[in-house]
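Asks: Structure below; questions to follow.
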Amino acid sequence: MTHETTPCPCGSGEPFSACCDPVLNNHSRAETALQLMRSRYTAFIHKHDKHILASWDPSTRPRSLNHDAHPVSWVGLQVHETEKGMENDTEGTVTFTASYIEQGQLCHLREKSKFRKDNELWFYIHGECELKKEKISRNSTCPCGSGKKFKRCCLQVS
Ligand SMILES: [Zn+2]
Ligand SMILES: [Zn+2]
């Protein structure tokens with residue numbers, strides 16, 4: 001996939017081709033815990049299971065993923081804070097909120113994720129989550145930023 005100018009879904013403001021795309025194709029391109037976290041968010045949007053599983057610590061990695069069990073529409077990622085997780089660290093945490101629409105509700109998943117580096121590769125271990133749900137009215141503007149009404153946009157796929 002070459003998307004030279006498409007903005008990266010992780011919301012970094014960088015083009016996809018210079019942000020998460022290289023990491024999705026090559027795990028070792030994540031130099032920091034934050035880059036890995038962003039690439040995992042993007043991988044969930046793209047249903048890129050190979051990267052999601054490969055970047056999951058073997059001690060907590062699920063056997064497989066089933067996106068269809070909980071179809072969601074991702075609407076945004078906000079990074080709140082990072083601790084360590086830089087090029088020279090071997091562990092780090094990233095606190096973020098990932099927002100998505102599920103069954104007509106806007107869900108904000110706030111997570112403090114732990115990462116560790118092994119053999120120059122960052123891995124996601126686990127996170128402490130807090131989920132907040134908000135009801136969206138059918139006629140309001142869709143939170144995904146499309147500019148369309150909710151009932152004509154993400155409500156149809158969630
Ligand atoms: Zn990105
Ligand atoms: Zn939408």
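The values are calculated or read from the model by the stated rules, or taken from the named source; none is laboratory data. Since this is a predicted model, take the numbers as computed values, not measurements. Cβ sites come from the backbone with ideal geometry, for glycine too, and all protein chains shown count toward neighbours. Note: areas computed on protein heavy atoms with side chains; ligands, DNA, RNA excluded. Shrake-Rupley method; radii C 1.70, N 1.55, O 1.52, S 1.80 Å.
Asks: Does LYS114 fit the bill of being open to solvent by 40 Å² or more (accessible area, probe 1.4 Å) and at pLDDT below 95?
Replies: No.
Asks: Got a sec? Which of ASP21, ASP49, ASP57, ASP68 is open to solvent by 40 Å² or more (accessible area, probe 1.4 Å) and in contact (Cβ under 8 Å) with a residue 12 or more places away in the chain?
Replies: ASP49 is the lone residue from the list that is open to solvent by 40 Å² or more (accessible area, probe 1.4 Å) and in contact (Cβ under 8 Å) with a residue 12 or more places away in the chain.
A quick yes/no check of all residues on (1) at pLDDT below 95; (2) among the charged types (D, E, K, R); (3) touching a Cys at 6+ places or on another chain (Cβ under 6 Å):
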residue	(1), (2), (3)
LEU36	no, no, no
ARG40	no, yes, no
PRO58	no, no, no
SER64	yes, no, no
VAL72	yes, no, no
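Asks: Residues in the range 119-158 that are part of a strand (DSSP E or B) and touching a residue at least 40 places away in the same chain (Cβ under 8 Å): how many?
Replies: 6
Asks: Return only the number of the condition from (1) buried (at least 19 other Cβ atoms within 10 Å of the Cβ); (2) over 22 Å from LYS117 (Cβ atoms); (3) of a type outside the set (D, E, K, R); (4) within 16 Å of ligand 2 (Cβ to nearest atom) that LEU77 does not satisfy.
Replies: In the conditions (1) buried (at least 19 other Cβ atoms within 10 Å of the Cβ); (2) over 22 Å from LYS117 (Cβ atoms); (3) of a type outside the set (D, E, K, R); (4) within 16 Å of ligand 2 (Cβ to nearest atom), LEU77 misses (2) alone.
Asks: Right, something else. Could you say which residue among GLY76, GLY104 is of a type in the set (Gly, Ala, Ser), within 16 Å of ligand 1 (Cβ to nearest atom) and in contact with a strand residue (DSSP E or B) (Cβ under 9 Å, 6 or more places away or on another chain)?
Replies: GLY76 is the lone residue from the list that is of a type in the set (Gly, Ala, Ser), within 16 Å of ligand 1 (Cβ to nearest atom) and in contact with a strand residue (DSSP E or B) (Cβ under 9 Å, 6 or more places away or on another chain).
Asks: Just for the range 88-111: of the residues that are outside any strand (DSSP E or B) and within 14 Å of THR32 (Cα to Cα), which one is most open to solvent (accessible area, probe 1.4 Å)?
Replies: ASN88
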